[in-house]
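*Asks:* The structure follows.
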Amino acid sequence: MDGAHDRRVDDHAKGRIISDAPLSRPVPVALRYDPGSSPATVRFGFPGAVEWSFPRALLETGLRAPTRRGDIGVWPCGRVQTVVERHTDDGVTVVQFDTTALLRFLKHTYAASTSMTTH
């Protein structure tokens, strides 16, 4: 089967929730992309059915320089980490990722997008 569902990207990464507590907490994050339904959007899924959706371009830009759009901010943190934060009425959630995991995810999303235009 070579339908649009085959081109979905479902990667996984470990994030670290950064808070005022002395130790940050590791959290598994599902990195998702579906070019068939929303080619400009990436989704980060957290435990407890929490999902953040935001523009793929925001993630890409934020790997190189601080950027924000709406309630999501992304910026590099040193040479090998990237921070993604989300503002809600309940407060701010800050998650730190290894940049290589996010770069790999972006690479997979662009490959999926390209396959949509070449089939």
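The values are calculated or read from the model by the stated rules, or taken from the named source; none is laboratory data. Bear in mind that the values here come from a model prediction, so they are computed numbers and not experimental data. Note that each Cβ is placed from the backbone with ideal geometry, even for glycine, and that neighbours are counted across all protein chains shown. Just so you know, the surface numbers come from the protein's heavy atoms only, side chains and all, with ligands and any DNA or RNA stripped out. Shrake-Rupley method; radii C 1.70, N 1.55, O 1.52, S 1.80 Å.
*Asks:* What is the residue count in segment 74-93 for residues that are surrounded by 16 or more Cβ atoms within 10 Å (Cβ to Cβ) and out of contact with any Leu (no Cβ under 7 Å at 6 or more places or on another chain)?
*Replies:* 6
*Asks:* Would you check if Arg7 is over 23 Å from Thr99 (Cβ atoms) and touching an Asp or Glu at 6+ places or on another chain (Cβ under 9 Å)? Step through it out loud before you land on a result.
*Replies:* Details: over 23 Å from Thr99 (Cβ atoms): yes; touching an Asp or Glu at 6+ places or on another chain (Cβ under 9 Å): yes.
Yes: the conditions hold for Arg7.
*Asks:* So Leu59 passes all but one of these: (1) open to solvent by 10 Å² or more (accessible area, probe 1.4 Å); (2) aliphatic (A, V, I, L, M); (3) closer than 15 Å to Leu103 by Cβ. Which condition number does it fail?
*Replies:* With (1) open to solvent by 10 Å² or more (accessible area, probe 1.4 Å); (2) aliphatic (A, V, I, L, M); (3) closer than 15 Å to Leu103 by Cβ applied to Leu59, the lone miss is (1).
*Asks:* Check Asp71 against each of (1) open to solvent by 70 Å² or more (accessible area, probe 1.4 Å); (2) under 23 Å from Ala21 (Cβ atoms) and name the one condition it does not meet.
*Replies:* (1)
*Asks:* Take segment 85-105 and flag every residue that is in contact (Cβ under 8 Å) with a residue 60 or more places away in the chain and either in a helix (DSSP H, G or I) or within 17 Å of Phe54 (Cα to Cα) (or both). Talk me through it step by step, then tell me what you get.
*Replies:* Step one: of segment 85-105, the residues in contact (Cβ under 8 Å) with a residue 60 or more places away in the chain are 93-98, 101-102, 104-105.
Within segment 85-105, Thr93, Val94, Val95, Gln96, Phe97, Ala101, Leu102, Arg104, Phe105 qualify.
*Asks:* Checking Ser38 against (1) modelled with pLDDT of 95 or more; (2) polar (S, T, N, Q); (3) assigned to a loop (DSSP other than H, G, I, E, B), only one condition comes out false. Which one?
*Replies:* (1)
*Asks:* Just to check your reading of the model, which residue among Arg69, Arg7, Arg25, Arg56 is at negative phi, touching a helix residue (DSSP H, G or I) at 6+ places or on another chain (Cβ under 9 Å), of a type in the set (D, E, K, R) and modelled with pLDDT under 95?
*Replies:* Testing whether each residue is at negative phi, touching a helix residue (DSSP H, G or I) at 6+ places or on another chain (Cβ under 9 Å), of a type in the set (D, E, K, R) and modelled with pLDDT under 95 leaves just Arg7.
*Asks:* With the requirement that a residue be closer than 23 Å to Glu60 by Cβ, open to solvent by 40 Å² or more (accessible area, probe 1.4 Å) and not basic (Lys, Arg), what does segment 10-37 give you?
*Replies:* Residues satisfying the conditions are Asp10, His12, Ile18, Pro28, Gly36, Ser37.
*Asks:* For Gly48, indicate whether it is on the phi > 0 side of the Ramachandran plot and either open to solvent by 30 Å² or more (accessible area, probe 1.4 Å) or part of a strand (DSSP E or B) (or both).
*Replies:* In short, yes.
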